[in-house]
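Data first, discussion second: the structure below is written as structure tokens.
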Amino acid sequence: MSFLEYRITTVPTGFRKILHLNWALVLLICAVATAGFLMLYSVAGGSMEPWAGPQLSKFILGLAVMFVIGFVPIWFWQSLSGLAYAVAFLLLLGVEFFGHIGMGAQRWIELGPIRLQPSEMMKFTLVMALAAYYDALDSNKVSKPLWVLIPVLIIVAPTVLVLMQPNLGTSLMLILGGSAVMFCAGVSIWYFGAVIAVGVGAVGAVFVGRGTPWQLLHDYQYRRIDTFLDPTADPLGAGYNIIQAKIALGSGGWSGKGYMQGTQSRLNFLPEKHTDFIFTTLAEEFGFIGAFSLLMLYTLMIAFCISSALQNKDRFASLLTLGVAANFFFYLAVNLSMVMGMAPVVGVPLPLLSYGGSAMLVVLAAFGLVQSAHIHRPR
């Protein structure tokens, strides 16, 4: 045993946990969040209010939550997986009866001084529940129809509630995140092929059913599809957002216009510049170099999570870490595809960068679970 290994094994348990933290992941989280604060300061015209200041406060709180969750043994969170899922599900039900309506959707619930979006919680409590389920399930039952049906129901139940809000973006995230955990657990690929086939049929039904009494989407969601297919058909209406986003992306060039010099955001041409479309603001001010650098930070975060999961010999911890990484990737993929015109606008924020207290706290809490799995992995 080397001197350093001797010192690490003889320090108190609390200090040893600090040493075993995935500090590279912590630094990457702080780097991305700092980029977010800078962009929120910029779009507010050089002011910490109304976005950068509150976002910084939420990040500090979320970082503390991440450390607290990380220092608690992973077996404790495993024992609470079912309860966490049930609480998030009940809160989703509560939204239907007591939810707060904003921007035409009923997605938030008031709990005293706290305004909570339960669908954000569900993204990661769903991953916890599925990881616990597959940890308890014998490996030879993973692809048996009955044992596949149970996790499907676990995924579908909250997805239906979120669709009723309506919130197509989060519904998609729940399906993708849950499916990723099932895939990593070893469910046969033929099930996924069948789901893809059903999905293709559902897409066809969406278009065929338009304008009929049984149409599957709301009118505004159909308009988003029209906008995706041809934004120039309504340049001052439904297509305005994506057209302005593309202008901001293209005008940044290689190195950008300079910090706080983005005309699309500063002159308010770009809608939702502090939430869903914040990436286009960054690309305009820092160009391809800045946008690519941000994507590299995100890529490294996902890579560190995958590396930690592959080294972890505990099945629950490994599936949980992979599920969080998959959810984080889908956050990125959906938002970036949306703002670049490669997918319809579905209202998915960019994690750690877009303004939003609930999303920030939930993402950091999820990374706290990743840290707990990493710190307490079998050695």
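All of the numbers you see were taken from the coordinates with simple rules; none came from a lab. For clarity, every value in this text was computed on a predicted model and none was experimentally measured. Backbone-built Cβ (ideal geometry, glycine too); neighbour counts: all protein chains shown.
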Distance cut-off 17 Å, percentage of C-alpha pairs in segment 260-379 lying past it
60
Counting residues in the chain as N, plug N into 2.2 N^0.38 Å and put the Cα Rg over that result.
1.02
Towards the positive end of the charge dipole of the chain, with charges on Cβ (+1 Lys, Arg; -1 Asp, Glu), say which of 279, 127, 43 has the farthest Cα.
127
Would you order 227, 212 from fewest to most other beta-carbon atoms within 10 Å of each residue's own beta-carbon?
212, 227
Can you work out ³J(HN,Hα) from phi for every residue in segment 115-132, in order, using Karplus 6.51 cos²θ - 1.76 cosθ + 1.60 and θ = phi - 60°, giving whole Hz and x for Gly and Pro?
10, 10, 10, x, 5, 5, 4, 5, 4, 9, 5, 5, 4, 4, 5, 5, 4, 5
As I understand it, the dipole of segment 75-354 uses +1 on the Cβ of Lys and Arg and -1 on the Cβ of Asp and Glu, about the Cα centre. Which of 310, 233, 199 lies farthest toward its positive end?
310
Highest mean packing first, using Cβ neighbours within 10 angstrom, the peptides 239-251, 311-323 sort as 311-323, 239-251
Running a GNM on the chain with Cα contacts under 10 Å, which residue among 262, 186, 211 ends up with the highest mean-square fluctuation?
211
Translational D (Stokes-Einstein, µm²/s) of segment 182-263 at 4 °C and 1.567 mPa s when Rh comes from the Kirkwood sum over C-alpha pairs?
79
So for the chain, averaging the separation of alpha carbon pairs under 8 Å that are six or more residues apart and normalising by length, what relative contact order in percent results?
27
Between residue 24 and residue 61, the FRET efficiency computed from the C-beta separation at R0 = 22 Å comes out, to the nearest 0.05, as 0.45
Going by average Cβ neighbours within 10 Å, how do the peptides 336-343, 171-178, 218-225, 133-140 rank, with the highest at the top?
171-178, 336-343, 218-225, 133-140
Using a simple charge model, +1 on the beta-carbon of Lys and Arg, -1 on the beta-carbon of Asp and Glu, nothing else, what dipole does the chain show about its Cα centre, in debye to the nearest 20?
740
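Using the 10 angstrom Cβ neighbour count as an exposure proxy, how do 308, 372, 358, 47 rank, fewest first?
Arranged by neighbour count, lowest to highest, 308, 372, 358, 47 become 47, 358, 308, 372.
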Using Cα positions and a limit of under 28 Å, work out the lysines in reach of residue 257, with same-chain residues fewer than 8 apart set aside.
246, 273
Full extension from residue 255 to residue 147: what is 0.36 nm times the residue separation minus their Cα-Cα distance, to one decimal in nm?
33.7 nm
Listed with the fewest Cβ neighbours within 10 Å leading, 30, 305 appear as 30, 305
What is the Cα centroid distance between segment 22-78 and segment 126-187, reported in whole angstrom?
28
Stretch residue 160-residue 311 to full length: gain in nm at 0.36 nm per residue minus the Cα-Cα span?
50.8 nm
Under 30 Å Cα to Cα from residue 141, which lysines show up? Leave out anything in the same chain fewer than 8 places away.
123, 313
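Which FRET efficiency, nearest 0.05, do residue 139 and residue 226 yield, Cβ-Cβ r, R0 45 Å?
Efficiency, rounded to the nearest 0.05: 0.45.
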